[in-house]
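K.L.:
Pasting a structure here, questions to come.
Just so you know, all these numbers are worked out from the coordinates, no wet-lab data involved. These numbers were taken from a predicted model, which means no experiment stands behind them. Don't worry about glycine lacking a Cβ; one is built from the backbone with ideal geometry, like all the others, and counts go over all protein chains shown.
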Amino acid sequence: MKIRPLHDRVVVRRQEEETTTAGGIVLPGSATEKPNQGEIVAVGEGAVQQSGELRPLSVKVGDKVVFGQYAGSNTVKVDGEELIIMNESEIYGVLES
């Protein structure tokens, strides 16, 4: 199954949660923080401006992005995988190597 977000929304696959600290301490599930980074798996067509023009999104599929801890409160399961749907404006930046 595929998902296609509408307008200026993107679908993000969140990175795996860290289960150990840098010092090697194993964290229980309740103590781990949800990562604020992920990979974009689908993008919408763009935002419709007041003039009626379509403004394309600044991100594309495959981009690694950083977003806020509470961004994308809308999650959906697709083929058993939990994905986040958020507006492009909730993305803080794109990670480049």
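K.L.:
List every residue whose amide H lies under 5 Å from the amide H of A42, counting only residues 5 or more places away in sequence or on a different chain, with H placed 1.01 Å from N in the peptide plane.
P.N.:
Close amide H contacts, sequence-distant or interchain: V11.
K.L.:
Pulled fully out, how much extra length does the chain show between E82 and E53, if you take 0.36 nm times their separation in residues and subtract their Cα-Cα distance? Could the numbers behind the result be given before it?
P.N.:
Details: separation 29, 0.36 × 29 = 10.44 nm, distance 3.26 nm.
The E82-E53 span can extend by a further 7.2 nm.
K.L.:
Please sort by residue number the chymotrypsin sites (Phe, Trp or Tyr not before Pro) in segment 44-97 whose DSSP state is loop and whose Cβ has at most 14 other Cβ atoms within 10 Å.
P.N.:
Counting only loop positions with at most 14 other Cβ atoms within 10 Å, the chymotrypsin sites (Phe, Trp or Tyr not before Pro) in segment 44-97 are Y70.
K.L.:
Right, next: For Q15, enumerate residues with amide H under 5 Å from its amide H, sequence gap 5+ or separate chain, H modeled in the peptide plane.
P.N.:
For Q15, the qualifying residues are Q37, G38, E39.
K.L.:
Restrict the search to segment 37-88; then list the GluC sites (Glu not before Pro) that DSSP places in a loop and that have at most 11 other Cβ atoms within 10 Å of their Cβ. List each step's numbers first, then the result.
P.N.:
Working: sites: E39, E45, E53, E81, E82, E88; in loops: E45, E53.
Those satisfying the criteria are E53.
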